[in-house]
Amino acid sequence: MIVLGIESSCDETAAAIVNYKKEILGEALLSQEEHKAFGGVVPEIAARSHLEHIDSIIEQCFKKANISPKDIDAVAAASGPGLIGGVIVGVMAAKAMAIALNKPFVAVNHLEGHALAARISNDVEFPYLLLLVSGGHCQILVVKDVDKYERLGTTIDDAVGEAFDKVAKMLGLGYPGGPAIEKIAQSGDKTRFTLPRPLIGSNDYNLSFSGLKTAVRKIIETYSPDGNLAHANIPAQDMADICACFQYTATDCLCRKLKKAIEYFKKQYPNGKHLVVSGGVASNVYLRSQLQKLADENNLIFAAPPIRFCTDNGVMIAWAGLERFRKNYTSPLDFKPRPRWPLDINAPKAAGAGGVKA
């Protein structure tokens with residue numbers, strides 16, 4: 001069983017071909033550089049770039065795999081959530097190939113791509129507890145099976161990756177902000193500034209990062225003679241300390257809510273063995289180290305995709321597409337791309353969905 005996956009939900013144009021043996025036969029990815037000047041992704045620019053490059057990305061993917069399009073068994077595409085212009089480009093390309101090759105089309109929830117990504121490189125069995133953290137999403141979920149999710153908590157405002165990007169922008173570190181903050185924080189004192197931990201005392205599993213971001217802004221303002229962030233003159237060590245304190249506090253917020261979620265998970269799913277992290281923020285090494293400690297303390301196995309598969313990529317979409325196709329969860333060709341698509345809302349399936357053997 002071989003599946004082509006296409007990803008175009010934000011600012012990466014990507015494609016990959018994987019098989020049921022978890023082998024990556026070919027992959028290609030283009031990260032759009034046009035957005036750096038704006039400090040964030042501009043949807044119209046992103047959509048036009050996807051349209052311009054998607055054909056060549058797919059062609060490169062097949063060339064690296066050294067197979068013909070007719071050799072694949074299905075075509076999958078990230079069909080939401082995401083910037084709708086880019087999502088449409090990927091979905092239409094996938095549908096066109098499915099029609100031309102007479103192959104099934106598989107609509108993949110972009111979040112499910114992240115949710116299942118660890119299974120391609122680790123022996124992760126269902127059910128498992130998942131922390132999904134990216135620039136647009138921050139959720140704690142139980143992954144019970146393909147297409148079966150129990151959402152325990154989510155952010156009520158900013159996603160943690162969004163908070164990283166906004167703090168980096170306030171500090172003048174550019175976009176994307178997460179890698180810059182992580183690098184600078186390595187030489188900082190994580191205890192110098194006391195920052196708030198919103199919702200930390202609540203009895204639910206929800207998260208909040210807006211107040212934390214605002215607290216960092218107030219610190220930065222003290223370095224400006226007129227309160228204008230653009231005029232802030234922050235010494236290098238102070239910059240490192242701010243980054244370290246923010247990273248430490250954001251991670252602590254995640255770990256404290258995860259600790260509560262682990263108690264629930266172990267009680268309700270006693271056969272569950274894994275704590276998994278995925279999404280772009282999962283590439284943060286400090287976060288990984290703290291999650292490893294949390295898993296060890298609770299007798300769980302920590303698992304994460306390789307760092308290069310944490311940010312948006314074609315491999316995770318191809319693998320999620322394969323996992324869905326293996327269960328015969330194919331999609332009708334009139335499937336409409338979705339700008340919003342919670343994981344606990346399923347995609348329409350073809351009639352008679354059952355199972356497909358590898």
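The values are calculated or read from the model by the stated rules, or taken from the named source; none is laboratory data. What you see is a predicted model, and the numbers here were worked out from it, not measured in a lab. We place every Cβ from the backbone using ideal geometry, glycine too, and count neighbours over all the protein chains shown. Surface accessibility is based on the protein's heavy atoms, side chains included, excluding ligands, DNA and RNA. Shrake-Rupley method; radii C 1.70, N 1.55, O 1.52, S 1.80 Å.
List the residue pairs whose Cβ atoms are under 8 Å apart, where the first residue sits in the range 84-96 and is within 11 Å of residue 6 (Cβ to Cβ), the second is of a type in the set (Phe, Trp, Tyr) and not in a helix (DSSP H, G or I), and the two are 6 or more positions apart or on different chains.
91/335; 94/105; 95/105
Applying the selection to the range 34-64, what residues are over 19 Å from the mean Cα position of the chain (by Cα) and part of a loop (DSSP other than H, G, I, E, B)?
34, 39
What is the residue count in the range 126-138 for residues that are open to solvent by less than 10 Å² (accessible area, probe 1.4 Å) and more than 14 Å from the chain's Cα centre (by Cα)?
2
Any residue at all in the range 112-125 that is assigned to a strand (DSSP E or B), aliphatic (A, V, I, L, M) and within 18 Å of the chain's Cα centre (by Cα)?
No: the range 112-125 contains no residue that is assigned to a strand (DSSP E or B), aliphatic (A, V, I, L, M) and within 18 Å of the chain's Cα centre (by Cα).
Restricting attention to the range 20-50, report how many residues are at pLDDT 95 or above and farther than 16 Å from residue 313 by Cα.
2
Identify the residue in the range 163-190 that is assigned to a loop (DSSP other than H, G, I, E, B) and under 19 Å from residue 223 (Cα atoms) and, among all such residues, is modelled with the lowest pLDDT.
So the residue we want is 174.
Hey, does the range 65-75 have a residue that's surrounded by 22 or more Cβ atoms within 10 Å (Cβ to Cβ), part of a helix (DSSP H, G or I) and either of a type in the set (Asp, Glu) or touching a His at 6+ places or on another chain (Cβ under 9 Å) (or both)?
no
Based on this model, can you work out whether residue 244 counts as out of contact with any helix residue (DSSP H, G or I) (no Cβ under 6 Å at 6 or more places or on another chain), in a helix (DSSP H, G or I), open to solvent by less than 10 Å² (accessible area, probe 1.4 Å) and not basic (Lys, Arg)?
Taking the combined requirement at face value, the residue does not satisfy it.
Answer yes if at least one residue in the range 224-246 is in contact with a Lys or Arg (Cβ under 9 Å, 6 or more places away or on another chain), under 21 Å from residue 165 (Cβ atoms) and at pLDDT below 95, and no otherwise.
Taking every residue of the range 224-246 in turn, at least one turns out to be in contact with a Lys or Arg (Cβ under 9 Å, 6 or more places away or on another chain), under 21 Å from residue 165 (Cβ atoms) and at pLDDT below 95.
Could you tell me how many of the residues in the range 261-311 are part of a helix (DSSP H, G or I), farther than 22 Å from residue 246 by Cα and open to solvent by 40 Å² or more (accessible area, probe 1.4 Å)?
Number satisfying all stated conditions: 8.
Can you work out which of the residues in the range 82-125 that are among the β-branched types (Val, Ile, Thr) and in contact with a Gly (Cβ under 6 Å, 6 or more places away or on another chain) is surrounded by the fewest Cβ atoms within 10 Å (Cβ to Cβ)?
The qualifying residue surrounded by the fewest Cβ atoms within 10 Å (Cβ to Cβ) is 87.
Give all pairs with beta carbons closer than 9 Å in which a residue from the range 270-293 that is among the charged types (D, E, K, R) meets a residue that is part of a helix (DSSP H, G or I) and buried (at least 23 other Cβ atoms within 10 Å of the Cβ); count only pairs at least 6 apart in sequence or on separate chains.
288/282
Somewhere in the range 8-31, is a residue open to solvent by 50 Å² or more (accessible area, probe 1.4 Å), in contact with a helix residue (DSSP H, G or I) (Cβ under 9 Å, 6 or more places away or on another chain) and either among the small types (Gly, Ala, Ser) or within 27 Å of residue 172 (Cα to Cα) (or both)?
yes
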